[in-house]
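The values are calculated or read from the model by the stated rules, or taken from the named source; none is laboratory data. Just so you know, these numbers come straight off a predicted model, no measurement behind them. Cβ placement follows ideal geometry from the backbone for every residue including glycine, while neighbour counts extend to all protein chains displayed. Just so you know, the surface numbers come from the protein's heavy atoms only, side chains and all, with ligands and any DNA or RNA stripped out. Shrake-Rupley method; radii C 1.70, N 1.55, O 1.52, S 1.80 Å.
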Amino acid sequence: MRRRIMEAVGAVPLLAQPGRAGLGVFLSLLQDRLPVYAASMAEALGRPGRRSVRENLTLAARATVDFYGEVLPAQTAVLASPEQTAGLRQLTRAGDLGPHHAERMVADYLEAERRFGRVSPEVDALAVAHLLLGGCLGYVFNAVLQGREDLPGAAEYTAAMVRALDLGL
């Protein structure tokens, strides 16, 4: 994962340009945090049939909240600048990086659990992945915007969100 991030950064000479410091900070943070997130997601979702489906999804949701909690503040600085946003877009495309990988991990996990009969055949696995991970991002965004005092704790929030998913269980 670190190699892919570094290859993407090297593919586009953005960091040496004036006004790119925010992007450099964000990419350094990604280089450090993304491998931990990927490993946490693999641990939560990598062995279908182990633990309950809801427990595995809750672990994945909690890893997602933790990851975005660490990187979103730095990412918002990048997104505030159209030039830095364009640079980030170039880098993520060049390195095939982005949230679609986590969504695909969740969807693949649910499809595997479906083969074990632990998820209903009617469940749209990719839609569930979008809802789950989008809900995690929304939680972190609200926590950054308004503070955590008015929000439930991350463990409580992720468990409630997973309970609300209709998995046909």
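Per the 1.4 Å probe, what fraction of the accessible area of the chain, in percent, lies on carbon and sulfur atoms? Before the final figure, lay out the partial values.
Numbers: 5030 of 8780 Å².
Here it works out to 57 percent.
May I ask you to derive the relative contact order of the chain, considering only C-alpha pairs under 8 Å and at least 6 residues apart, and to give it as an integer percent?
28
Just to confirm, what accessible area per residue do you get for the chain at 1.4 Å probe, in whole Å²? Display every interim value, and only then the final one.
Details: 8780 Å² over 169 residues.
Result: 52 Å² per residue.
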Exercise for review: For the chain, build the charge dipole from Cβ charges (+1 Lys, Arg; -1 Asp, Glu) around the Cα centre, then report which of Leu97, Thr64, His130 sits farthest towards its positive end.
Suggested key: Leu97
Revision key, fill the gap. Scalar couplings 3J(HN,Hα) for region 62-68 by Karplus 6.51 cos²θ - 1.76 cosθ + 1.60 (θ = phi - 60°), nearest whole Hz, x for Gly and Pro, are 5, 4, 5, 4, 4, 4, 5
Review point. Once label points are set 7 Å from the Cα along Cα→Cβ at both Gln146 and Asp32, what is their separation, rounded to one decimal in nm?
Key: 3.0
Point to revise | Given the chain, longest segment not containing exposed loop GluC sites (Glu not before Pro) (DSSP; at most 11 other Cβ within 10 Å) | key: 1-121
Check your understanding: Quick one: Cα centre-to-centre distance for region 27-100 and region 130-169, in angstrom?
Key -> 15
Point to revise | Using a Förster distance of 25 Å, the FRET efficiency for Ala86-Glu111 (Cβ separation, nearest 0.05) | key: 0.15
